[in-house]
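Colleague: If you scroll down you'll find the structure; I have some questions about it.
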Amino acid sequence: QVQLVASGGGLVQPGGSLRLSCAVSGLSIYTMGWYRQAPGKQRELVAAIFSSGKLNYADSVKGRFTISRDNAKNTVYLQMNSLKPEDTAVYYCNAADAYSAYDYWGQGTQVTVSS
């Protein structure tokens, strides 16, 4: 059974940093994406790391966010620096199985950027 557990959200002041984690079990080869959804807005892709190691970022977070993977822990991280109020959202991790059409979602973690 595949399970994704997201953690690391919280309240931070503008300019601050947070690191989100998504621990994966039951899946080893996958593309991981971090998405976010702000109130009244559609869910959007923030960053992705492919099974090949290729990285992809939304323009709004380039230079501020970094996605990485620890294969030994089967965990994907999203380091978020220079946070802005517009980064406030619920952040979700999604793992797309490299060998099937299935993908899986974590439970979401709230990130609030406010002074």
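Colleague: Any chance you could run the full-extension gain for Leu45 through Lys62? It's 0.36 nm times the residue separation minus the Cα-Cα distance, nm to one decimal.
Modeller: Value of the extension gain: 4.9 nm.
Colleague: Also, I was wondering about something else. Less than 16 Å apart at the alpha-carbon level, and either on another chain or at least 8 residues along: which lysines does that give for Lys84?
Modeller: Cα-Cα hits under 16 Å: Lys62.
Colleague: Enumerate the calculated ³J(HN,Hα) couplings along the stretch 33-50 in order (Karplus 6.51 cos²θ - 1.76 cosθ + 1.60, θ = phi - 60°), each rounded to whole Hz, writing x wherever the residue is Gly or Pro.
Modeller: Per-residue couplings from phi come out as x, 9, 10, 9, 9, 8, x, x, 10, 6, 5, 10, 6, 9, 7, 9, 10, 7 Hz.
Colleague: Right, another one. Rounded to whole Hz and in sequence order, give me ³J(HN,Hα) for the stretch 87-94 from the Karplus expression 6.51 cos²θ - 1.76 cosθ + 1.60, θ = phi - 60°, writing x for Gly and Pro.
Modeller: 7, 4, 4, 8, 9, 10, 9, 9
Throughout, read-outs are computed from the coordinates displayed, never taken from laboratory work. All values reported here derive from a predicted model rather than from experimental measurement.
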